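Here the structure is laid out as structure tokens; the discussion comes afterwards.
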Amino acid sequence: MSEQQENTQQKPGLVSMVVSVLAAFLGVQTEKNRQRDFQHGNPKAYIIIGVILTILFVLGLVGVVNLVMANLA
């Protein structure tokens, strides 16, 4: 197999990038995946996914707090 084919096969897809970002949130990223992300991933894509997941997390927390506060009233 040529080097170019190996690089193409190792390039992370969207699902793989989302899983990597979620693993990074929890601090459980494997060394193999971290190396793949840094060598073959697009930093802009990881940043965008991280921002989107952070916004969704915060909105989820706000929703839970609002739900709990509505039930206490």
>> Rounded, prolate or oblate for the chain? Axes are the square roots of the Cα gyration tensor eigenvalues, ordered a ≥ b ≥ c, and the cut-off for rounded is a/c under 1.5.
In response: prolate
>> Under 8 Å for C-alpha pairs, at least 6 residues apart: give me the relative contact order for the chain, rounded to a whole percent.
In response: 33 percent
> Going through the DSSP H helices of the chain, which span 27 Å or more along their own axis at the Cα atoms while scoring at least -1.0 as a mean Kyte-Doolittle hydropathy?
Replying inline: 43-72
>> Using a Gaussian network model on the chain with a 10 Å cutoff between Cα atoms, which of 51, 62, 18 fluctuates the most?
In response: 62
>> How many angstrom lie between the Cα centre of the range 26-45 and the Cα centre of the range 47-73?
In response: 26 Å
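Read the figures in this text as sums done on the coordinates, not as results from a lab. Since the structure is predicted, the reported quantities are computational estimates derived from the model, not experimental observations.
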